[in-house]
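S.K.: Can you keep this structure in mind? I'll have questions shortly.
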Amino acid sequence: MMVFAFKPNGKPPMGWTDKLLTGIHEIDQQHQVLFDVVARLEQAVTAEEKWSAVHFALVELSSFVSIHFTVEEALMRLHGYPDLDSHIAAHSVFAADLAEIKQHSIRQDVSTEMTTMLKNWLVSHIGVVDKAYVPHLLAAAIVNTPRS
């Protein structure tokens, strides 16, 4: 599965930095898509768009988070990553928090604090937890397509 991040004017997604690159092409692309979707959510919240626009962005984020976590966990499982269980646990906590925010959005407005929490979790998780599996996966000689 190949996913391409939306990059207006060739710019990286808002909040993305190359320090978050894992060196695993497909995972890096998916991480950028996550930042794209969070940026759309932030824009909907700060522009005080209709409830439906905010909720749709949350649904989109939830859907892509599920896809990304499945891909990432499958790679780790396939290559025998020893810390898989704690990584899955971290994913489960985030997915539960996201589901709670999505449910909250039905009853009340989503705050900028909530979107900031989502972005901060992504930066922290990718920068620390995801980076921890990279040496193991690269040593397992996974197929990696270079960035173009």
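The values are calculated or read from the model by the stated rules, or taken from the named source; none is laboratory data. Everything quoted here is computed from the prediction, not taken from an experiment. Backbone-built Cβ (ideal geometry, glycine too); neighbour counts: all protein chains shown.
S.K.: Please determine whether any residue of the range 66-86 is touching a Lys or Arg at 6+ places or on another chain (Cβ under 9 Å) and closer than 16 Å to K119 by Cβ.
M.R.: Taking the range 66-86 first, the residues touching a Lys or Arg at 6+ places or on another chain (Cβ under 9 Å) are 84.
Still in the list and also closer than 16 Å to K119 by Cβ: none.
Checked the range 66-86: no residue is touching a Lys or Arg at 6+ places or on another chain (Cβ under 9 Å) and closer than 16 Å to K119 by Cβ.
S.K.: Okay, next question. Go through the range 113-122 and count every residue that is out of contact with any helix residue (DSSP H, G or I) (no Cβ under 6 Å at 6 or more places or on another chain) and over 19 Å from S92 (Cβ atoms).
M.R.: Residues in the range 113-122 being out of contact with any helix residue (DSSP H, G or I) (no Cβ under 6 Å at 6 or more places or on another chain) and over 19 Å from S92 (Cβ atoms): 2 in total.
S.K.: Follow-up. Testing V129 on (1) β-branched (V, I, T); (2) at pLDDT 90 or above; (3) farther than 28 Å from Q43 by Cα, one condition comes back false. Which one is that?
M.R.: The failed condition is (3).
S.K.: Can you work out which of the residues in the range 1-56 that are of a type in the set (D, E, K, R) and closer than 17 Å to T115 by Cβ is modelled with the highest pLDDT? Let's see the steps before the verdict.
M.R.: Of the residues in the range 1-56, the ones of a type in the set (D, E, K, R) are 7, 11, 18-19, 26, 28, 36, 40, 42, 48-50.
Checking which are closer than 17 Å to T115 by Cβ leaves us with 36, 40, 42, 48-50.
Working: D36: 92, R40: 89, E42: 89, E48: 76, E49: 73, K50: 79.
Result: D36.
S.K.: Would it be correct to say that E42 is touching a residue at least 12 places away in the same chain (Cβ under 8 Å), assigned to a helix (DSSP H, G or I), under 20 Å from S124 (Cα atoms) and in contact with a Ser or Thr (Cβ under 6 Å, 6 or more places away or on another chain)?
M.R.: yes
S.K.: Residues of the range 82-108 being surrounded by 14 or more Cβ atoms within 10 Å (Cβ to Cβ) and farther than 16 Å from I126 by Cα, which ones?
M.R.: Matches in the range 82-108: D97, L98, I101, K102, H104, S105.
S.K.: While we're on this one: Test of understanding: among H79, H136, H125, which residue is on the phi < 0 side of the Ramachandran plot and either within 14 Å of the chain's Cα centre (by Cα) or surrounded by fewer than 15 Cβ atoms within 10 Å (Cβ to Cβ) (or both)?
M.R.: Details: H79 fails: either within 14 Å of the chain's Cα centre (by Cα) or surrounded by fewer than 15 Cβ atoms within 10 Å (Cβ to Cβ) (or both); H136 fails: either within 14 Å of the chain's Cα centre (by Cα) or surrounded by fewer than 15 Cβ atoms within 10 Å (Cβ to Cβ) (or both).
None of the other options fit; the residue is H125.
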